[in-house]
Structure formats: C-alpha cells, structure tokens
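To start, the structure under review is shown below, and the notes come after it.
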Amino acid sequence: MAARVDLHLHTTASDGRLHPSELVRLVVSRGLRIIAITDHDSTEGLAPALKEATAHPELTVIPGVELSTDIPGSEVHILGYFVAYDSPRFQRALVGFRQAREIRARGMVQKLTDQGLPLEWERVKELAGDGAIGRPHIAQAMVEKGYIALPQDAFAKYIGRNGPAYVEREKLTPEEAVGFVLEHQGVPVLAHPAYVNVLQEVLPKLKQAGLMGMEVYYGDHTPETVKALRAQAALLGLLALGGSDYHALGTPGEIEPGQVGPPLEQARRLIGLARTEKPLPK
Ligand code: AMP
Ligand code: ZN
Ligand code: FE
Ligand code: FE
C-alpha cells in the first residue's frame with residue numbers, strides 16, 4: 001500500500017535536487033497527505049514549500065531540519081520537527097553549521113585533488129547553489145568528471161567516513177542536537193537508526209536527553225528491522241516515524257516519496273506534540 005506520510009525529504013536547500021515547490025507538487029501528485037521538509041542544517045526550503053502548499057489544501061507540510069552529529073564509529077542524524085525556525089539564535093547556529101560544511105567540503109576537494117582526482121571548487125559550489133553544501137555535491141562533481149559511475153561510489157571509495165579523502169568537521173553530539181531542537185520548541189527524532197552501529201547504547205541516552213521519536217519506517221529497513229524498531233519505540237514511548245529521505249538523485253533504486261512512511265496516526269500524534277504557534281500545519 002502506498003504511504004500517505006513522508007517525514008524525511010530533502011530539497012535544493014541542502015543536497016536534494018528538487019526545488020521545494022517542485023517537491024511539493026511531486027508529493028501531491030503521489031497522493032501524500034502529510035510531509036516534512038528536513039534539509040541538512042537549513043530551513044531555507046520551508047518558506048517556498050509552505051507557499052506552494054497553500055495551493056494544495058489536502059497536504060500538510062511540517063517544518064523540519066536534519067542535524068548531523070557524531071559519536072566514535074558512527075554518524076547519528078537528529079531530525080527536528082516544528083522547530084521555531086524564525087528564531088535568530090536558531091538561524092545563527094545553522095549558519096555556523098553551514099560554514100563548517102563549506103570549510104570541510106573545501107578540504108575534501110583538496111584531498112581528492114592531492115590524490116590525483118582534481119575537482120574545481122567553483123563547480124562544486126555551483127552544484128550546491130544556495131543550499132547547504134554536502135558530500136553529495138562533491139560526489140556529483142566526481143561523476144561529472146567521470147571518476148566514478150554513481151554518487152554512492154564516491155562514498156564507498158573516497159569520502160565515506162573512513163575514506164581517504166574524508167574530512168571531519170565540528171559537530172554537535174547527539175545529545176546536544178536533541179537539546180538544541182528542544183530549546184527551539186522542536187520535536188527531536190532519531191533518523192535512520194539502523195545506521196547507528198551502537199544503537200542500543202545510544203537510544204537510552206537520547207531518550208534521557210528528551211528524544212521523542214525515531215524513524216522506524218525507512219527505505220533501507222527490512223520488515224524484520226521495522227518490526228524490531230517499532231517494538232523498541234513502543235517500549236521507550238517514542239513515536240514511530242520515518243520517510244523516504246528522498247534527494248531526487250535519480251539513481252537506480254532510489255526510494256521515492258510514497259514508497260515508505262509511517263502510519264497517518266503516528267504523524268497525527270507528531271502534529272499533536274507541536275509547541276510552535278506558527279507556522280501551523282493545516
Ligand atoms: P554530509 O551531509 O556532507 O555529511 O553528507 C551526508 C549525505 O550524503 C547524506 O545525507 C546522504 O544524502 C548522502 N550519503 C551518505 N552516505 C551515502 C552513500 N553511501 N551513498 C550515497 N549518498 C550517501
Ligand atoms: Zn542528504
Ligand atoms: Fe540522514
Ligand atoms: Fe536525510
């Protein structure tokens with residue numbers, strides 16, 4: 001059955017390839033009823049998405065953001081729904097995260113160049129446009145140069161966490177990211193928990209920090225994983241959320257909006273937790 005909810009979507013405000021308004025039109029054409037825009041370290045996609053959504057009263061758009069954090073051995077992504085994104089302090093922090101992304105992307109381009117795979121920084125910047133720059137933009141530039149066939153090859157061979165051209169950047173800890181979302185009236189949710197190699201250690205700590213949900217429904221999760229995560233979410237009193245994490249890369253097998261998502265009832269409970277007065281979902 002097609003999903004009616006997708007709470008994890010990227011746009012050109014970060015490393016997605018669809019403009020927020022194009023994404024909204026796509027999800028409407030797929031019959032989705034509740035979506036969240038969750039760009040990396042940016043909420044710039046929200047205003048255009050919410051504007052486009054006014055033409056589609058059947059669709060609810062939840063404002064969101066995705067924050068990258070690190071623990072030894074693993075990346076942990078925290079989603080923040082209903083954050084008070086008009087807060088100047090919140091926006092200042094996001095600007096800082098995006099600046100750190102840019103410095104790090106430059107470092108990776110330099111390392112690749114040093115390793116015999118020269119890239120033009122200007123081209124990488126151009127691919128990122130106004131959006132938060134990330135490794136997918138570097139991967140795209142590498143595909144253009146013919147160094148690799150598909151973006152995922154860049155992660156497997158060069159810019160994955162343990163790759164020879166990977167560069168670290170200052171990140172929050174997962175607990176700090178949960179706190180940061182809570183401080184700005186948001187609902188903190190653990191993204192793609194199956195990617196966290198020490199999940200059983202991390203989950204109780206995040207719950208303690210104020211985590212309110214985790215992604216149970218996700219493209220890479222097998223039915224067994226979904227079942228196990230759903231049980232764990234229920235045990236910890238966490239909402240069982242999720243989505244496609246769609247970037248519109250057009251790669252073979254890419255999970256698209258409508259292919260995976262949580263039940264409407266869980267999304268309605270998420271909406272019930274919203275503390276911000278504006279912008280109110282319809
Ligand atoms: P960054 O935000 O610069 O750390 O890059 C992380 C982003 O790269 C993720 O949000 C995904 O969009 C993408 N990504 C991570 N791992 C892979 C992979 N193995 N293959 C393709 N894209 C990936
Ligand atoms: Zn991404
Ligand atoms: Fe993520
Ligand atoms: Fe994502």
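The values are calculated or read from the model by the stated rules, or taken from the named source; none is laboratory data. Nothing here was measured: the structure is a model prediction, and the numbers come from that model. All Cβ positions, even for glycine, are placed from backbone atoms using ideal geometry, and neighbour counts span all protein chains on display. Heavy atoms of the whole protein, side chains included, go into the accessibility calculation; ligands, DNA and RNA do not. Shrake-Rupley method; radii C 1.70, N 1.55, O 1.52, S 1.80 Å.
So here's what we get for this one:
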quantity: Residues (open to solvent by less than 10 Å² (accessible area, probe 1.4 Å) and within 12 Å of ligand 1 (Cβ to nearest atom)) located in the range 161-191; calculated: A191
quantity: Some residue of the range 114-128 being closer than 16 Å to H247 by Cα and within 20 Å of the chain's Cα centre (by Cα); calculated: yes
quantity: Members of the range 209-225 found to be open to solvent by 10 Å² or more (accessible area, probe 1.4 Å), part of a loop (DSSP other than H, G, I, E, B) and within 16 Å of ligand 3 (Cβ to nearest atom), listed by number; calculated: G219, D220, H221
quantity: Segments classed as strands (runs of 3 or more DSSP E), wholly inside the range 6-111, with at least 3 members that are in contact (Cβ under 8 Å) with a residue 12 or more places away in the chain and touching a Gly at 6+ places or on another chain (Cβ under 7 Å); calculated: 60-71, 74-81
quantity: Complete set of residues in the range 120-136 that are open to solvent by 10 Å² or more (accessible area, probe 1.4 Å), more than 8 Å from ligand 1 (Cβ to nearest atom) and of a type outside the set (G, A, S); calculated: E120, W121, E122, R123, K125, E126, L127, D130
quantity: Identity of the residue in the range 137-160, open to solvent by 50 Å² or more (accessible area, probe 1.4 Å), in a loop (DSSP other than H, G, I, E, B) and in contact with a helix residue (DSSP H, G or I) (Cβ under 9 Å, 6 or more places away or on another chain), that ends up farthest from ligand 4 (Cβ to nearest atom); calculated: Y147
quantity: Every residue from the range 197-208 that is touching a strand residue (DSSP E or B) at 6+ places or on another chain (Cβ under 8 Å) and open to solvent by 10 Å² or more (accessible area, probe 1.4 Å); calculated: N197, V198, V202
quantity: Cross-chain or 6+ apart pairs with Cβ under 7 Å, the range 151-174 first and more than 24 Å from L79 (Cα to Cα) and in contact (Cβ under 8 Å) with a residue 12 or more places away in the chain, then more than 9 Å from ligand 1 (Cβ to nearest atom) and among the small types (G, A, S); calculated: Y158/A165
quantity: For A194: the one exception among (1) assigned to a helix (DSSP H, G or I); (2) within 26 Å of Y85 (Cβ to Cβ); calculated: (2)
quantity: Selection within the range 1-25 - away from ligand 1 (no atom under 16 Å from the Cβ) and closer than 23 Å to I78 by Cβ; calculated: A3, V5, P20
quantity: Residue selected from the range 74-103 under the condition touching a Leu at 6+ places or on another chain (Cβ under 8 Å) and within 16 Å of ligand 3 (Cβ to nearest atom), by the criterion most open to solvent (accessible area, probe 1.4 Å); calculated: F97
quantity: Residue pairs meeting the criteria (Cβ under 7 Å; at least 6 apart or on separate chains; first free of Cβ contacts under 8 Å to residues at least 24 places away in the same chain, in the range 211-228; second open to solvent by less than 20 Å² (accessible area, probe 1.4 Å)); calculated: V226/V216
quantity: Selection within the range 18-49 - within 16 Å of ligand 3 (Cβ to nearest atom) and not β-branched (V, I, T); calculated: A36, D39, H40, D41, S42, G45
quantity: Residue identified as farther than 21 Å from L273 by Cα and over 20 Å from the mean Cα position of the chain (by Cα) among K145, K171; calculated: K145
quantity: Filtered residues of the range 26-73 (kept if open to solvent by 40 Å² or more (accessible area, probe 1.4 Å) and either modelled with pLDDT under 95 or within 14 Å of ligand 1 (Cβ to nearest atom) (or both)); calculated: P72, G73
quantity: Selection from the range 23-42 of residues that are within 16 Å of ligand 2 (Cβ to nearest atom) and in contact with a His (Cβ under 6 Å, 6 or more places away or on another chain); calculated: T38, D39
